[in-house]
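The values are calculated or read from the model by the stated rules, or taken from the named source; none is laboratory data. Since we're looking at a predicted model, the values are computed, not measured. Quick reminder, even Gly has a Cβ in these numbers, built from the backbone with ideal geometry, and neighbours come from all protein chains shown. In case anyone asks, the SASA skips ligands and DNA or RNA and just uses the protein heavy atoms, side chains included. Shrake-Rupley method; radii C 1.70, N 1.55, O 1.52, S 1.80 Å.
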Amino acid sequence: MEGLILRLADLDEGALGAVRIIAFFDGFIEHQASLETVLSATARFAGCEVGLAGGSAPPLAVRPGGGVPFAGDPPDDAVRARAGDDRWVWLARPGPPLPQDRMLLDRLGHAVLALSPRPRLDHSRTGDPALLELVLGAGADDAGRARALRLLGIEPACPVTVYAVRSPDSDSDSDPDSEAEFLATLHPWVRAVRIGDVRAVVGREAPADEPKIPTGVRVGRSAPVPASAAQRAWRGARTALRFTGSGLPSGLATLAGGSALVTEESLGVWRDLAEQMPPERLAASPDVAALRRLGAGPQGPQTLTMLVAVGATASLRQAAAVLYVHHSTLIARLAKAERVLGFPIDTPQGRIRLTAALIIRRLCSDLDAPNAGGR
């Protein structure tokens with residue numbers, strides 16, 4: 001094609017420009033380049049901002065100098081061209097358009113359509129889960145993860161949010177109604193797969209409004225990341241899932257009140273502790289061992305509930321009111337628990353130590369078992 005261009009040097013500038021544009025995009029199609037590569041090179045070639053919008057994936061834009069595409073909507077004055085039934089490419093050039101802009105957009109749209117992964121409806125229940133498991137697992141390299149993402153219809157630069165969802169029926173092979181109800185509250189562009197006893201969900205950036213969590217369902221949500229970092233986000237979502245539920249002191253603001261939905265960003269230093277300390281080492285703590293002994297006693301569940309209430313409230317009187325017991329009864333029960341714990345509870349230092357022990361005990365649960373997707 002380059003030789004043909006040289007032989008056409010005597011043609012007018014418009015014809016020569018058209019041949020160059022055709023050769024430019026045909027090369028990408030021939031080598032099966034990624035959409036990111038095509039958009040970035042087009043922005044450099046055109047000398048202005050270009051992008052791809054529409055469809056189920058987030059809109060992408062690339063600045064005039066090229067580089068990595070970012071999430072961005074087209075400007076109001078952008079020139080557009082179709083790239084299939086529900087997508088379009090666009091070009092935003094400062095000042096008057098150039099004669100070849102329309103052809104450049106048309107060829108870009110053709111390239112996007114040719115290079116986009118085709119839906120595989122006949123394998124939607126077997127292919128997609130396997131691909132998503134590859135994306136989220138620790139075994140794939142960056143190239144393999146990028147290929148799997150594109151087969152799922154997700155460009156690696158697209159911003160995504162990863163959820164770890166657990167329900168009372170999470171050991172079932174089919175989608176529990178409660179989980180399906182939660183998924184329906186998210187953006188329709190989602191991919192989901194069960195990994196161990198947790199359902200992994202990859203969706204677009206988190207919605208502005210908190211989704212409604214059905215009764216019994218618990219959700220850990222990652223921070224928004226590029227899709228290429230979904231494996232790290234899956235780890236963050238699973239860590240957040242470990243902090244959900246009523247087993248935590250409900251008054252801790254950093255833990256979102258022990259709610260059904262906990263975000264990775266809300267954990268602060270607890271995320272670092274959860275991810276860097278093996279559960280076995282945490283479980284070996286004398287304070288955690290003491291809580292296990294208390295929980296195994298004749299009144300174990302009631303004793304642990306009492307300790308959670310004491311850690312979550314500002315005073316013993318408030319804790320007694322939450323538990324619907326008399327203040328003196330609570331004091332007597334606490335004295336028995338303190339003999340097992342080995343430290344006084346009703347002091348600032350004692351409350352901090354108790355709260356930390358209760359949280360660490362929670363982190364020793366089975367929510368982060370080895371079959372939950374890898375680290």
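Quick one: in segment 129-154, of everything that is more than 15 Å from residue 32 (Cα to Cα) and open to solvent by 50 Å² or more (accessible area, probe 1.4 Å), which residue is modelled with the lowest pLDDT? Applying the filter and picking the extreme gives 139. In segment 82-90, the condition of being at pLDDT 90 or above, touching a strand residue (DSSP E or B) at 6+ places or on another chain (Cβ under 9 Å) and open to solvent by less than 30 Å² (accessible area, probe 1.4 Å) is met by at least one residue. Please indicate, with yes or no, whether at least one residue in segment 108-117 is modelled with pLDDT of 85 or more and surrounded by fewer than 21 Cβ atoms within 10 Å (Cβ to Cβ). The answer is yes; a qualifying residue exists.
Residue-level check: of (1) surrounded by 16 or more Cβ atoms within 10 Å (Cβ to Cβ); (2) over 21 Å from residue 191 (Cα atoms), residue 54 misses just (2). Of the residues that sit in segment 34-51 and are over 23 Å from residue 225 (Cα atoms) and part of a loop (DSSP other than H, G, I, E, B), which one is least open to solvent (accessible area, probe 1.4 Å)? The residue in question is 48. If you go through segment 315-359 and keep only what is open to solvent by 50 Å² or more (accessible area, probe 1.4 Å), out of contact with any Phe, Trp or Tyr (no Cβ under 7 Å at 6 or more places or on another chain) and either in contact (Cβ under 8 Å) with a residue 40 or more places away in the chain or under 23 Å from residue 273 (Cα atoms) (or both), you end up with 340, 342, 348, 349, 352. Filtering segment 29-81 to residues that are at pLDDT 85 or above and among the aromatic types (Phe, Trp, Tyr) leaves only 45. Residues of segment 304-327 that are among the small types (Gly, Ala, Ser) and within 20 Å of residue 294 (Cα to Cα): 309, 311, 312, 319, 320.
Checking each residue in segment 266-308 for being in a helix (DSSP H, G or I), touching a Lys or Arg at 6+ places or on another chain (Cβ under 9 Å) and open to solvent by 80 Å² or more (accessible area, probe 1.4 Å) picks out 292, 302.
I need the full set of residues from segment 309-321 which are part of a helix (DSSP H, G or I) and more than 15 Å from residue 344 (Cα to Cα), in order please. Answer for segment 309-321, where residues must be part of a helix (DSSP H, G or I) and more than 15 Å from residue 344 (Cα to Cα): 309, 312, 317, 318, 319, 320, 321. Just one of (1) modelled with pLDDT of 85 or more; (2) open to solvent by 10 Å² or more (accessible area, probe 1.4 Å) fails for residue 124. It is (1). If you go through segment 190-244 and keep only what is open to solvent by less than 40 Å² (accessible area, probe 1.4 Å), under 29 Å from residue 36 (Cβ atoms) and modelled with pLDDT under 80, you end up with 190, 206.
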